[in-house]
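Below you'll find the structure, written out as structure tokens, and then a few comments.
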Protein chains: 2
Amino acid sequence: MKESLGAQTLIIPTPVWCVGSYDSEGQPNIMTIAWGGICCSDPPCLTISLRKSRHTYGNIMDRSGYTVSVPSSQYAAEADYFGIKSGRDVNKFQESGLTPVKSDLVDAPYVAEFPMVLECKLIHHYEIGTHTQFIGEILDVKVDESVLDEDGNPEIHLVSPLIYATKSHFYHGVGDQVGKAYDIGKKFG
Amino acid sequence: MKESLGAQTLIIPTPVWCVGSYDSEGQPNIMTIAWGGICCSDPPCLTISLRKSRHTYGNIMDRSGYTVSVPSSQYAAEADYFGIKSGRDVNKFQESGLTPVKSDLVDAPYVAEFPMVLECKLIHHYEIGTHTQFIGEILDVKVDESVLDEDGNPEIHLVSPLIYATKSHFYHGVGDQVGKAYDIGKKFG
């Protein structure tokens, strides 16, 4: 029996991604989001949604680019902090002790200590309601060599990304392998 | 040291969600996607991206609505099957033995056996490249009573959603709790 919980942004899983940008003073900023996802294969694009009031909103509009750094579980507290404070009030890189690195492809910084980084060029934005959706073309994916598998792909348990459980407000890690995609479904024909 | 892996749709985590729709004959269809996410808080909206060639593409355009059913890990093979076959060739509900339920809010079916369902009214679509991005307003979230916690929220390990590791093409479950959001970051100030 299903219970109706009403119209709300309640789904799982959602990601925990840290969006890097520079403000008008050139100060690096970083904020954590859960509203986002891949939105096109070619050109490869990633979408993120932000409130207009966010410091990062103006930064992206001004500089037409952003990065997404994927925190590993060991940096859960830092990632959480990046979602609590505003870059208008504090330099979150300085306070957390993490290192901003200037992207050589877009006008935005990423987090050196996080294992996986995407550099995105803004190609479209669309206002929905409280949130503006940004669509960024992924110009490069940079990954720590130490988290690559033998095929040169990120190994999910080495990257150790976070999953956000909306509503209960807990971060989780990634669990066991359940099966191979494009394979375990073949039993149905 | 970070290695540059090029411009590609490589990020983790991505979700495993099953999109329900009716075709022009009224036959229920279901397809699995990983390109999507929440995109606005108010109105609550969820975005999914599809290729124009997909059967579901025309269905959503014609009927201006879709559902997203979240498969639990025990239905990983069914979810995988929904991403392999086209509803033009087979009735995937019939072949998998799962049950389509007509939404009473949008003109689309959802999967009775999956623990969590969102009913979405199409409010915008945008062509990017290979993919069209659909933005759907979430009209309701329906959740099996058996997976609700004592506060009436979905308990993530009871829902047991899948995570998709792009590139390595494996499904994973959800791991241990890492920390409380808006809380563990407070140690930085």
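The values are calculated or read from the model by the stated rules, or taken from the named source; none is laboratory data. Since the model is a prediction, treat every value here as computed from it, not as a measurement. Backbone-built Cβ (ideal geometry, glycine too); neighbour counts: all protein chains shown. Calculation scope for accessible area: heavy atoms of the full protein, side chains included, ligands and nucleic acids excluded. Shrake-Rupley method; radii C 1.70, N 1.55, O 1.52, S 1.80 Å.
Do any strands (runs of 3 or more DSSP E) entirely within segment B:106-189 hold 2 or more residues that are aromatic (Phe, Trp, Tyr), and if so, which? Break it down into steps so the answer makes sense when it comes.
Values: elements: B:109-111, B:116-127, B:131-144, B:163-165, B:170-180.
Those strands (runs of 3 or more DSSP E) span B:170-180.
Would you mind telling me which numbered condition in (1) crowded, with 18+ Cβ neighbours inside 10 Å; (2) at the interface with chain A (Cβ under 9 Å from one of its Cβ atoms); (3) touching a residue at least 40 places away in the same chain (Cβ under 8 Å); (4) under 27 Å from B:Met61 (Cβ atoms) B:Asp140 fails?
It is condition (3) that B:Asp140 fails.
State which residue is farthest from the other protein chains (Cβ to nearest Cβ) when the search covers only segment B:151-161 and only residues that are out of contact with any His (no Cβ under 7 Å at 6 or more places or on another chain) and modelled with pLDDT of 95 or more. Spell out the reasoning first.
Filtering segment B:151-161 down to residues out of contact with any His (no Cβ under 7 Å at 6 or more places or on another chain) leaves B:151-155, B:157-161.
After this cut, where a residue has to be modelled with pLDDT of 95 or more as well, the list is B:154-155, B:157-161.
Numbers: B:Pro154: 7, B:Glu155: 7, B:His157: 9, B:Leu158: 11, B:Val159: 6, B:Ser160: 9, B:Pro161: 5 Å.
Looking at the filtered set, the residue picked out is B:Leu158.
Scan segment B:165-187 residue by residue and report those that are out of contact with any Lys or Arg (no Cβ under 8 Å at 6 or more places or on another chain) and open to solvent by 20 Å² or more (accessible area, probe 1.4 Å).
Listed by number, the residues that qualify are B:Lys167, B:Ser168, B:Val174, B:Asp176, B:Gln177, B:Val178, B:Lys180, B:Tyr182, B:Asp183, B:Ile184, B:Lys186, B:Lys187.
If B:Glu95 meets every condition in (1) at the interface with chain A (Cβ under 7 Å from one of its Cβ atoms); (2) open to solvent by 50 Å² or more (accessible area, probe 1.4 Å); (3) at pLDDT 95 or above; (4) closer than 26 Å to A:Ser49 by Cβ apart from one, which number is that one?
Among (1) at the interface with chain A (Cβ under 7 Å from one of its Cβ atoms); (2) open to solvent by 50 Å² or more (accessible area, probe 1.4 Å); (3) at pLDDT 95 or above; (4) closer than 26 Å to A:Ser49 by Cβ, B:Glu95 violates only (4).
Spot the failing condition for B:Val117; the list is (1) touching a residue at least 24 places away in the same chain (Cβ under 8 Å); (2) surrounded by fewer than 20 Cβ atoms within 10 Å (Cβ to Cβ); (3) aliphatic (A, V, I, L, M), and only one is missed.
(2)
Looking at A:Leu5, A:Leu50, which is the one that is open to solvent by 10 Å² or more (accessible area, probe 1.4 Å) and of a type outside the set (Lys, Arg)?
Only one candidate qualifies: A:Leu5.
Against the definition (in contact with a Phe, Trp or Tyr (Cβ under 9 Å, 6 or more places away or on another chain), under 18 Å from A:Asp62 (Cβ atoms) and hydroxyl-bearing (Ser, Thr, Tyr)), how does A:Ser96 come out, yes or no?
Working: in contact with a Phe, Trp or Tyr (Cβ under 9 Å, 6 or more places away or on another chain): yes; under 18 Å from A:Asp62 (Cβ atoms): no; hydroxyl-bearing (Ser, Thr, Tyr): yes.
Judged against the criteria, A:Ser96 is not a match.
Kindly indicate which of A:Gln133, A:Gln74 is open to solvent by 10 Å² or more (accessible area, probe 1.4 Å), facing chain B (nearest Cβ under 10 Å), touching a residue at least 24 places away in the same chain (Cβ under 8 Å) and of a type outside the set (Val, Ile, Thr). Step through it out loud before you land on a result.
Values: A:Gln133 fails: open to solvent by 10 Å² or more (accessible area, probe 1.4 Å).
From the options A:Gln133, A:Gln74, the qualifying one is A:Gln74.
Hey, can you tell me all the residues within segment B:28-47 that are surrounded by fewer than 18 Cβ atoms within 10 Å (Cβ to Cβ) and either more than 7 Å from chain A (Cβ to nearest Cβ) or of a type in the set (D, E, K, R) (or both)?
B:Asp42
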